[in-house]
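The values are calculated or read from the model by the stated rules, or taken from the named source; none is laboratory data. The structure displayed is predicted, hence computed values, not measured ones. Here the Cβ positions follow ideal geometry from the backbone for every residue, glycine too, while neighbour counts run over all protein chains shown.
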Amino acid sequence: MHKTYRIGESSVHVLKGVNLRVVPGEVVGIMGPSGSGKSTLLNIISTLDFADEGYVEVLENEISPSKFTDNELAIFRRKHIGIIFQSHNLMPEMTAFENVYFALLLKGYSSKRAKKRAEEVLEVLEITSDKMHKNIQLLSGGERQRVAVARALAMDAEIFICDEPTAELDKRNAINLISIMSNLAFTGKTFIVATHDERLMPFFTSVYKLEDGVLNLVKKEV
């Protein structure tokens, strides 16, 4: 898989023949310096972007502009893929609870089921009832990150794409989060995590390093 960005008259070859195969139940770490292409790789896997060359398949579906319209891709993501953005991408005018609750309504949950599911997942991520109904802007960066994680996990997707999910979390919350991911992986969920966080390394079933557009395997559990 290759990806090149054009900036004016110049171009940047971000991904240079990347090969990656992930199976259900894996927790995959993608390490690498800032600007190495980790977010680009995640965007392509999560169907937010397309490769310029190569073949990309997600859940036995070829991901290319010729196979999906933008609307079809949006429906595919909503149904199958949970995304945890580094920038949170939360609705600033909503509470923590509403950010999770309304995402579940869009997925097709009933109001009663969405309320129960949102509360359950927020509590697991230690967003207590007194903070659950506060405006998201009144929460700390780490709390907002946990709300973003809760929103993704609540969707009960098959694949979770995580871009620096522990960047604003202390050690206890970071380990709690990756432990939750590991437990969900035992049920067949799949996690692909771009991170600089060395604390997560023991929890990954495989680790890759992306540098200068090339992806190399660092660790693989047998």
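Exactly one of (1) within 20 Å of L169 (Cα to Cα); (2) part of a helix (DSSP H, G or I); (3) of a type in the set (A, V, I, L, M, F, W, C) is unmet by I127. Its number?
Only one criterion is unmet by I127, namely (2).
As an exercise: evaluate K107 against (1) closer than 18 Å to H88 by Cβ; (2) touching a residue at least 40 places away in the same chain (Cβ under 8 Å) and give the number of the one condition it does not meet.
Only one criterion in (1) closer than 18 Å to H88 by Cβ; (2) touching a residue at least 40 places away in the same chain (Cβ under 8 Å) is unmet by K107, namely (1).
Do you know which residues across the stretch 78-113 are exposed (fewer than 14 other Cβ atoms within 10 Å of the Cβ), among the small types (G, A, S) and under 22 Å from D49 (Cβ atoms)?
Passing the criteria: only S87.
Against the conditions (1) surrounded by fewer than 17 Cβ atoms within 10 Å (Cβ to Cβ); (2) under 23 Å from A167 (Cα atoms), where does V27 fall short? Just the number, please.
For V27, the exception is condition (1).
Listed residues L210, L169; which is outside any helix (DSSP H, G or I), in contact with a helix residue (DSSP H, G or I) (Cβ under 6 Å, 6 or more places away or on another chain) and at pLDDT below 90?
Just one listed residue meets the conditions, L169.
Only one residue in R6, R21 is part of a loop (DSSP other than H, G, I, E, B), free of Cβ contacts under 8 Å to residues at least 40 places away in the same chain and under 26 Å from D212 (Cβ atoms). Which one?
None of the others qualify; the one that does is R21.
Does the stretch 177-198 contain any residue that is touching a residue at least 12 places away in the same chain (Cβ under 8 Å), aromatic (F, W, Y), surrounded by 13 or more Cβ atoms within 10 Å (Cβ to Cβ) and out of contact with any His (no Cβ under 7 Å at 6 or more places or on another chain)?
yes
Could you please find all residues in the stretch 48-91 being over 26 Å from R6 (Cα atoms) and part of a loop (DSSP other than H, G, I, E, B)?
L59, E60, H88, L90, M91 - these are the residues of the stretch 48-91 that are over 26 Å from R6 (Cα atoms) and part of a loop (DSSP other than H, G, I, E, B).
Within the stretch 133-158, which residues are in contact with a helix residue (DSSP H, G or I) (Cβ under 8 Å, 6 or more places away or on another chain), among the hydrophobic types (A, V, I, L, M, F, W, C) and surrounded by fewer than 20 Cβ atoms within 10 Å (Cβ to Cβ)?
L139, A157
What tally of residues in the stretch 183-197 results from selecting those that are in a helix (DSSP H, G or I), in contact with a strand residue (DSSP E or B) (Cβ under 8 Å, 6 or more places away or on another chain) and under 17 Å from A150 (Cβ atoms)?
Total meeting the criteria: 1.
Residue by residue, here is whether (1) out of contact with any Phe, Trp or Tyr (no Cβ under 7 Å at 6 or more places or on another chain); (2) closer than 27 Å to T205 by Cβ; (3) charged (D, E, K, R); (4) modelled with pLDDT of 95 or more holds:
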{"site": "E9", "(1), (2), (3), (4)": "yes, no, yes, no"}
{"site": "N19", "(1), (2), (3), (4)": "yes, yes, no, yes"}
{"site": "S64", "(1), (2), (3), (4)": "no, no, no, no"}
{"site": "F102", "(1), (2), (3), (4)": "yes, no, no, no"}
